[in-house]
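Q: First, the structure itself, so that you have it in front of you.
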């Protein structure tokens, strides 16, 4: 199963871009990279996912390197409400029983 | 509201009590999950259901008993719990188990065992 490595914590100034890195050097060709976040004491919230190409939605952008061994989640204009734990997850499993396994994630603190 | 509703939001129970957690989704999803999140620990997958059949049971003690009567509802029946079972219990659903589908989580039930 591919594993991910994320920094334990990061700080970002309000209004600036937050760039959250993730290493997944053992990712296989058919595994997706997912990003979720969890605001304190709430359920995780899906942000974005991708396979090879860069992706963008209303919440964030996902940049995946050409070799797929790392990726970066970009919040273009961070707000105080973006303070949360951000999880980078590689979808694992065999056949159709793919599971979503959470690690410790990165605690992003957006400062005023 | 995420589309996945969990009740109750908070629950305090004694070690000899029997209680149930409820999860409901009307997103048309076919797969549902129970996760446990203890203080300062990552989420732990407990059970996975697909089309009302259990497909995963991650070595969870028998004092936790899941039930999925239909594709919209998932229960977690609790009995003779221990204080270390105190945690946030999260329910999630996804379109199905296949690759490429994100999960929608509920807000969780904060359980305290006294």
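Nothing in this text is a laboratory measurement; each read-out follows from the coordinates by a stated rule. Fair warning: this is a prediction, and the values are worked out from it, not measured in the lab. Cβ coordinates were reconstructed from backbone atoms using ideal geometry, including for glycine residues, and neighbour counts include every protein chain displayed.
Q: So which strands (runs of 3 or more DSSP E) are wholly in the range B:19-114 and hold at least 1 residues that are free of Cβ contacts under 8 Å to residues at least 60 places away in the same chain?
A: Filter on the range B:19-114 gives B:31-37, B:44-50, B:53-57, B:64-70, B:73-79, B:87-94.
Q: Could you grab me the full set of residues in the range B:1-18 that are touching a strand residue (DSSP E or B) at 6+ places or on another chain (Cβ under 9 Å) and part of a loop (DSSP other than H, G, I, E, B)?
A: B:2, B:3, B:8, B:9, B:14, B:15, B:16, B:17
Q: Here is a list: B:81, B:97. Which entry is within 11 Å of another protein chain (Cβ to nearest Cβ) and either over 10 Å from the mean Cα position of the chain (by Cα) or under 30 Å from residue A:50 (Cβ atoms) (or both)? Write out each step before concluding.
A: Numbers: B:81 fails: within 11 Å of another protein chain (Cβ to nearest Cβ).
It is B:97.
Q: For the range B:11-42, which positions are within 20 Å of residue B:55 (Cβ to Cβ) and under 10 Å from the mean Cα position of the chain (by Cα)?
A: Passing the criteria: B:21, B:23, B:32, B:33, B:34, B:35, B:36.
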